[in-house]
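The values are calculated or read from the model by the stated rules, or taken from the named source; none is laboratory data. No experiment lies behind these values; they were computed from the predicted model shown. All Cβ positions, even for glycine, are placed from backbone atoms using ideal geometry, and neighbour counts span all protein chains on display. The protein model used for the area step is the full one, side chains on, heavy atoms only, and it has no ligands, DNA or RNA in it. Shrake-Rupley method; radii C 1.70, N 1.55, O 1.52, S 1.80 Å.
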Amino acid sequence: MNAREIVKDALLYPFSDWKKIIVLGIFGVIATLSINELIGTVYFLDNTTALSIPVLTIIGLLSIFIERGYQFRILKSSLNSMIELPKFNSWICMFKDGIKLSIVTVVYLIPFILIYYVFKSSFIAILQLMFNNLPSLVFSTIIHLKLTFFTTIGILHLIEFFTLFLFMNVILIMFLISIANMANNNGKLAAAFKFRQISNKLSSVGWKNLIIWYVVIESIYLIILSISGIILKEILHLISPNVGTGLGYLIITILLSLIVISYLSMYLYRSLALLFFK
């Protein structure tokens, strides 16, 4: 399948059973609300709210693992040539798959976090060096000093941003192919880190096809998410005078997780399977 066929199939795939979009979305809503409430509870910690931390943590993790487990099931069933959304059953198996998918996610996040802090530390070190040398620069004209200083900061920020952006996307591509390889090996966790297998699959798919797929799929993902955000923001403006801003944001968060994020996750995992199946 070419990129156009993959996109068409992946966009229509969630509508093979639209009720499952809502079911998956419910777990997303529970996870989102639990995590938000947990963060608020920890931030405003007192003797009464501290008791709810274990409960919120358990509810949040259960919902996340079920949600991620079903997303992984979409990947596996699509690799097995299934054309419809899989059923919500075998909950223990789905829960275990969700844990494995979350483990792989965390492992692939580690190098990005490390490189992020390395760049931040380097950026701060350069700024400190500039400030240490600032007295010797005072004899320059004020305008020249300002231009040199702020131009340097701007260039450093651009270099930092584009390097992190590139690195993030490389890691994301590796992560996606890794979980596809795990799904293709009956969900074995070790398969996500068999880099020779993953490298061979990347070669068979072809870097050109992979990059085209990634750019097209991610662009459509972001476009749908952005348009949905704009529409929901307009809805918020309409309902806020009646229900209040706080409740309005809560409604928008629920709608976003319930429908948009749920649909987009199905779209993404289906498209990944179709690419991997080539």
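Only one of the numbered conditions (1) farther than 30 Å from Met1 by Cα; (2) of a type in the set (Val, Ile, Thr); (3) crowded, with 16+ Cβ neighbours inside 10 Å is violated by Ile74, and that is (1). Of everything in the stretch 38-89 that is acidic (Asp, Glu) and at pLDDT 90 or above, the residue that is nearest to the chain's Cα centre (by Cα) is Glu67. Lys201 falls short of the stated requirement of being in a helix (DSSP H, G or I), basic (Lys, Arg) and modelled with pLDDT under 75. Among the residues of the stretch 77-95, write down those that are open to solvent by 30 Å² or more (accessible area, probe 1.4 Å) and part of a loop (DSSP other than H, G, I, E, B). Hits for the stretch 77-95 are Asn80, Ser81, Met82, Ile83, Glu84, Lys87, Phe88, Asn89, Ser90.
Name every residue in the stretch 54-71 that is farther than 21 Å from Ala180 by Cα and either in contact with a Gly (Cβ under 9 Å, 6 or more places away or on another chain) or open to solvent by 40 Å² or more (accessible area, probe 1.4 Å) (or both), in order of residue number. Pro54, Val55, Thr57, Ile58, Ile59, Leu61, Leu62, Ser63 - these are the residues of the stretch 54-71 that are farther than 21 Å from Ala180 by Cα and either in contact with a Gly (Cβ under 9 Å, 6 or more places away or on another chain) or open to solvent by 40 Å² or more (accessible area, probe 1.4 Å) (or both). Every listed requirement among (1) more than 23 Å from Ser178 (Cβ to Cβ); (2) out of contact with any Gly (no Cβ under 8 Å at 6 or more places or on another chain) is met by Leu272 save one, (1). Residues that are over 15 Å from Leu256 (Cα atoms), at pLDDT below 90 and either touching a strand residue (DSSP E or B) at 6+ places or on another chain (Cβ under 8 Å) or open to solvent by less than 40 Å² (accessible area, probe 1.4 Å) (or both) within the stretch 18-37 comprise just one, Ser34. Scanning the stretch 168-220 for residues that are farther than 26 Å from Lys96 by Cβ, hydrophobic (A, V, I, L, M, F, W, C) and open to solvent by 70 Å² or more (accessible area, probe 1.4 Å) turns up Met168, Val170, Trp207, Ile211, Ile212, Val215. Could you please let me know if Lys233 is of a type in the set (D, E, K, R), out of contact with any helix residue (DSSP H, G or I) (no Cβ under 6 Å at 6 or more places or on another chain), assigned to a helix (DSSP H, G or I) and open to solvent by 60 Å² or more (accessible area, probe 1.4 Å)? Yes: the conditions hold for Lys233.
Is it true that some residue in the stretch 221-230 is under 20 Å from Leu75 (Cβ atoms) and buried (at least 19 other Cβ atoms within 10 Å of the Cβ)? Looking through the stretch 221-230, none of the residues is under 20 Å from Leu75 (Cβ atoms) and buried (at least 19 other Cβ atoms within 10 Å of the Cβ). Here is a check on your reading of the model: is Leu238 more than 28 Å from Ile113 (Cα to Cα), open to solvent by 80 Å² or more (accessible area, probe 1.4 Å) and hydrophobic (A, V, I, L, M, F, W, C)? It is true that Leu238 is more than 28 Å from Ile113 (Cα to Cα), open to solvent by 80 Å² or more (accessible area, probe 1.4 Å) and hydrophobic (A, V, I, L, M, F, W, C).
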